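*Asks:* The structure is given below, and queries will be raised subsequently.
The values are calculated or read from the model by the stated rules, or taken from the named source; none is laboratory data. These numbers were taken from a predicted model, which means no experiment stands behind them. Glycine gets a Cβ as well: all are built from the backbone with ideal geometry, and neighbour counts include every protein chain shown. Heavy atoms of the whole protein, side chains included, go into the accessibility calculation; ligands, DNA and RNA do not. Shrake-Rupley method; radii C 1.70, N 1.55, O 1.52, S 1.80 Å.
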Amino acid sequence: KIGRELVTVFRSRRTLWGLLLLASPVSSGAALNLLPAVASHYGVGRAGVMWVNGVAGGLVLSLGSLLATLLPGEWDRRVTYAGAGFLNALASLSLLAGDSPSVYYGGTVLYLLTTGFGYARFTALVMDVLGHGEHGAGTRYSLFLAAGNLPIAYVLWLDGQGYQRFGTHGLFGADAAGNLLVFAVVTAAWLVRRKGIGQKPLGLS
């Protein structure tokens, strides 16, 4: 029965479209794992790393997740998820503003805030594309959550490749690029669909 429900759900265009987004580089937060390693480039010592990437960072990440609840529930969750990725890209680019500790602290806080925001929108999108079924909801939920681990792995690799070739500019540039690309594609698709079905309020599917 679970298998039949899975087949039914995956035949849905909405589910497949949502699953592609979940596996995309949107708000992967991969650079979180690399921020402590590049702190010295900004002149930030151990104590600064411990604070901004430790307890304080965890609180900022949580705050970002809470802020995501302010978005109206009827807005298209695919669009808002891509929008979260756009904000995360801006945070990545803010770390390219200079090599000072203030840039590191400010950029890291923004990155944590937008990553938390993106994580919450990720869960909202999972619930949106979960589909109906009597037996396999838990299985589908686990599968969709697992899809979120894929971008963390490949974006982390891409960030590392960018750093090897261009330093911190390559790292954060690569981290931002995927978010910007997906945001552009999703926004274009939404605009085309909105034009095809007539005028509707902003954010509605």
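*Asks:* Report the label-to-label distance for residue 154 and residue 185 in nanometres (one decimal), using points 7 Å from each Cα along the Cα→Cβ vector.
*Replies:* Result: 0.9 nm between the two label points.
*Asks:* Another question, then. Only four residue types carry charge here, +1 at the Cβ of Lys and Arg and -1 at the Cβ of Asp and Glu. Report the dipole size of the chain about the Cα centre in Debye, rounded to the nearest 20.
*Replies:* So the magnitude is around 700 debye.
*Asks:* Another question, then. Of the accessible area of the chain, with the probe set at 1.4 angstrom, what percent is carbon plus sulfur?
*Replies:* Ligands and nucleic acids excluded, carbon and sulfur give 68 percent.
*Asks:* In deg cm²/dmol, rounded to 500, what helix-only [θ] at 222 nm does the chain give when every DSSP H run of at least 4 residues adds -39500 (n - 2.57) and the total is split over its residues?
*Replies:* About -24000 deg cm²/dmol.
*Asks:* Let me ask something else. Taking N as the number of residues in the chain, what is its Cα Rg relative to 2.2 N^0.38 Å?
*Replies:* Normalised Rg, Cα atoms only: 1.09.
*Asks:* For the range 90-166, what is the accessible area per residue in Å², given a 1.4 Å probe and the full set of protein chains?
*Replies:* Here the residues of the range 90-166 average 49 Å² of exposed surface.
*Asks:* Quick check of the Kirkwood formula: for the range 1-99, what is the inverse mean of 1/r over all pairs of different Cα atoms, in Å?
*Replies:* 16.4 Å
*Asks:* Right, something else. What is the extension gain from residue 37 to residue 20, computed as 0.36 nm multiplied by their sequence separation minus the C-alpha to C-alpha distance, in nm to one decimal?
*Replies:* Value of the extension gain: 3.1 nm.
*Asks:* Tell me, what is a quarter of the convex hull surface for the C-alpha atoms of the range 78-179, in nm² with one decimal?
*Replies:* Spelled out: convex hull of the Cα atoms, projected over all directions, averaged, 6.6 nm².
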